[in-house]
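Peer 1: Here it is, the structure, as structure tokens.
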Amino acid sequence: MQDAHSHLQDPRLDGIRNNIIKTMVERGVSRCVVNGTSPKDWQLVADLAKAYPELIIPSFGLHPWQDPSPQWFRQLTSYLDNVPHACVGECGLDRWVENYDIKIQEDVFVSQLELATKRNLPLSIHCLKAWGLMLEILESKALPERGFLLHSYSGSAELVTRLASLGAYFSFSGYFLHERKQNLRDTFKIIPPERILIETDAPDMLPPESCIEHRLKLELNHPANINKITTEASRTINTSRIHDNFVRFFELGF
Ligand SMILES: [Zn+2]
């Protein structure tokens, strides 16, 4: 069982992180991608990957909600140079968050896209309410040969074919199992099975009650819920290739 997107470094998990990881391993989670979001959490992501090299795939990125510091890109390059098996992300575009500056977001995202392309690294993209610009960028730039991941894909069904032809993988979040998210589940029905991945986005994106096997306080999502999420997701979407997809996208060439 593999989790394509999580934030185990999140400060809300301080003090309970090792127990969470123990449960994940006991419950058969074999791989978990941990996405840093700014230079402030990259070191913890690197430390976790060093402590649990079998389980954790580290990813370093500047999230669109985070302000770029003058040194962020140099620091990012250095983490990618020094941490084994490092991926790029979470990065992207977000017009949903308050007070966004889309021009800054675009510059920051394009820098990370170019870096992932140059090194052919797995790239995890966040996109909310900015699909027009995202598509414009992806259709005009060189892209990583291995493809790229649109995490928690919430774009429209109409865009799936274009994005898939550019090399997109799409990850399905346990959050999409809430009854009111039927339109997102319908979108995943038309995504080619060889491009589907599955994620918790833990500790965020609490799935519906039926998928909560492991509880954390404060309504946080336990990453070991990936088992139940996968079982429930397989009732509506084609999850038959998720294991091979994960290996092909995240592990090939490392
Ligand atoms: Zn995330």
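Peer 1: Have a look at I212, I237 and point out the one that is surrounded by fewer than 19 Cβ atoms within 10 Å (Cβ to Cβ) and more than 16 Å from the ligand (Cβ to nearest atom). Break it down stepwise before answering.
Peer 2: Values: I237 fails: surrounded by fewer than 19 Cβ atoms within 10 Å (Cβ to Cβ).
Just one listed residue meets the conditions, I212.
Peer 1: Here is a follow-up. Pairs, please: C-beta under 7 Å, at least 6 apart or cross-chain, first residue over 13 Å from K129 (Cα atoms) and in contact (Cβ under 8 Å) with a residue 12 or more places away in the chain and in segment 151-166, second away from the ligand (no atom under 16 Å from the Cβ) and polar (S, T, N, Q)?
Peer 2: A157/T187; V160/T187
Peer 1: Right, F109: part of a strand (DSSP E or B) and not β-branched (V, I, T) or not?
Peer 2: Taking the combined requirement at face value, the residue does not satisfy it.
Peer 1: So, F254, is that one modelled with pLDDT of 95 or more and either surrounded by 22 or more Cβ atoms within 10 Å (Cβ to Cβ) or under 30 Å from P11 (Cβ atoms) (or both) or not?
Peer 2: No, not satisfied.
Peer 1: Scan (1) surrounded by fewer than 19 Cβ atoms within 10 Å (Cβ to Cβ); (2) within 20 Å of F246 (Cβ to Cβ); (3) of a type outside the set (V, I, T) for the single condition L218 breaks and write down its number.
Peer 2: Here L218 clears every test but (2).
Peer 1: Just the residues that are more than 16 Å from the ligand (Cβ to nearest atom) and either farther than 18 Å from S171 by Cβ or buried (at least 24 other Cβ atoms within 10 Å of the Cβ) (or both), please, taken from segment 1-25.
Peer 2: D14, G15, I16, R17, N18, N19, I20, I21, K22, T23, M24, V25
Peer 1: Restricting to segment 182-227, what's the tally of residues that are on the phi > 0 side of the Ramachandran plot and modelled with pLDDT of 90 or more?
Peer 2: Adding up the residues that qualify gives 2.
Peer 1: Take the conditions free of Cβ contacts under 8 Å to residues at least 40 places away in the same chain and within 13 Å of the ligand (Cβ to nearest atom) and apply them to S38. Does it pass?
Peer 2: Answer is yes for this residue.
Peer 1: Please indicate, with yes or no, whether at least one residue in segment 104-119 is touching a strand residue (DSSP E or B) at 6+ places or on another chain (Cβ under 8 Å), within 16 Å of the ligand (Cβ to nearest atom), polar (S, T, N, Q) and within 25 Å of Q2 (Cβ to Cβ).
Peer 2: Yes, there is a match, as at least one residue in segment 104-119 is touching a strand residue (DSSP E or B) at 6+ places or on another chain (Cβ under 8 Å), within 16 Å of the ligand (Cβ to nearest atom), polar (S, T, N, Q) and within 25 Å of Q2 (Cβ to Cβ).
Peer 1: For N120, indicate whether it is surrounded by fewer than 20 Cβ atoms within 10 Å (Cβ to Cβ) and touching a residue at least 60 places away in the same chain (Cβ under 8 Å).
Peer 2: yes
Peer 1: On to the next question. Under 8 Å between Cβ atoms, at least 6 apart or on separate chains: pull out the pairs that start in segment 55-74 with a residue that is closer than 13 Å to V108 by Cα and end on any residue that is modelled with pLDDT under 95 and away from the ligand (no atom under 16 Å from the Cβ).
Peer 2: The qualifying pairs are P64/Y100.
The values are calculated or read from the model by the stated rules, or taken from the named source; none is laboratory data. Keep in mind that what you see is a predicted model, and the values were worked out from it rather than measured. No Cβ is skipped: glycine too gets one built from the backbone with ideal geometry, and neighbour counts run over all protein chains shown.
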